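Below is one structure, written out as structure tokens; the observations come after it.
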Amino acid sequence: MRRLSLAMALMVGAALGGCSLLPAGVGPPLPALGRTEVVQMLRERAANFRSVQDDDLTLIIEVVTESGMRRQPALGGVMAFDSLRPGLWLRAEKLGQKVFSLRAGADYLWLEIPDTKEVVTGGRAAFAKLPQLVLPYDVMFWFGSPDWLGLSWGSTVMTIEPECYRFDVMAGSLLLRSVLVDRRRVVVTRILDYDLLGRLSTEVSMDRHEEAQGMLFPSRLTVWRPVAGCRIQLRLGDPEFNRTISGDAFRPLNRPGWRHVDLDKEPLSSVKAFGGEP
């Protein structure tokens, strides 16, 4: 148990380390911009982003156990995300065999697990039981307007640090969120969300930004959820942006003869693929 606590403390400590953990840029940071300029640049970048598809995705999931952090085998994958729907489709494979297929919208998920022939469905209650998944609302929030993140709120405090702009989103004296924006390229590199008790609930790190079609987009996205003891990393291989995605990509499918689990009504332990029993 001590090792578990130490692992979590180290990761949370790293999350709170501020800009010192940002990837090194080339050359000195640009002269500091004002808050209005930074928010407007981020707003324009978000307005240029509509969809992303990637046929060469790498997915890595790590879970904190009593013996420390356990890293599951890396999975290959295919992904499509459309911010206008919003919808997310993710297929993960290992050695050519499908491990799972996720189709999700703003308020539903459909998870197909071929190995156990299970289809797991649900809404917001189900989302909360599957912290190892990245869902459409999450992606919209991270890559959408800076106004959604609270960077333009009157209560938000911006601090100019040597490598980044730090936005602390406040509700009275309560810190809701910290957002770090790289000063060299004016891109969001880290988002830290806190619960009402002041504990870190989710940390999102985005790095290895590459320019494509007038956008700067991270090729690596890491999500750390310390309460659930779960970290998810997505590595993009060859993304394509702003191409039309068929609505069929996000539509749940019919799987006759497969076992159906409604995760809104049933516990996670009822899913065989997660170690449960039917």
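Just a few scattered comments:
- Phi angles of the stretch 150-158 translate, via the Karplus equation with coefficients 6.51, -1.76, 1.60 and θ = phi - 60°, into HN-Hα couplings of x, 5, 9, 5, x, 7, 7, 10, 9 Hz per residue; Gly and Pro are given as x.
- Packing-based exposure ordering (other Cβ within 10 Å, fewest first) of 205, 269: 269, 205
- Of the residues 196, 263, 57, the one that moves most in a GNM of the chain with alpha-carbon contacts below 10 Å is 196.
- Estimated from helices alone, the mean residue ellipticity of the chain at 222 nm is -4500 deg cm²/dmol (sum of -39500 (n - 2.57) over DSSP H runs with n ≥ 4, per residue).
- Most fluctuating residue given options 54, 262, 238, as computed from a GNM of the chain linking Cα atoms under 10 Å: 238
- Remark: spin-label model distance residue 244-residue 148 equals 2.3 nm, labels positioned 7 Å along the Cα→Cβ axis.
- Separation in nanometres of the label points that stand 7 Å from Cα toward Cβ, at residue 44 and residue 159: 2.9 nm
- When the Cα positions of 276, 142, 97 are compared along the charge dipole of the chain, 276 comes out farthest toward the positive end, with charges on each C-beta of Lys, Arg, Asp and Glu.
- The length gained on full extension between residue 93 and residue 251, counted as 0.36 nm times the residue separation minus their Cα-Cα distance, comes to 54.9 nm.
- Qualifying lysines (Cα of each under 27 Å from Cα of residue 94; at least 8 residues distant if same chain): 117, 129, 272
- For residue 161, nonlocal amide neighbours, meaning residues 5 or more places apart or on other chains whose placed amide H falls under 5 Å from its own, are 166.
- With the simple spin-label model, which puts each label point 7 Å out from Cα in the Cβ direction, the residue 175 to residue 210 separation comes to 3.4 nm.
- The chain: relative contact order as a whole-number percent, Cα under 8 Å and 6+ apart: 22 percent
- Applied to the stretch 87-94, the Karplus parametrisation 6.51 cos²θ - 1.76 cosθ + 1.60 on θ = phi - 60° returns per-residue 3J(HN,Hα) values of x, 10, 10, 9, 10, 10, 9, 9 Hz, with x for Gly and Pro.
We did not get these values from a lab; they are worked out from the coordinates using the rules stated. What you see is a predicted model; the values in this text were computed from it and never measured. For neighbour counting, all protein chains shown are included, and Cβ atoms are generated from backbone atoms with ideal geometry for every residue, glycine included.
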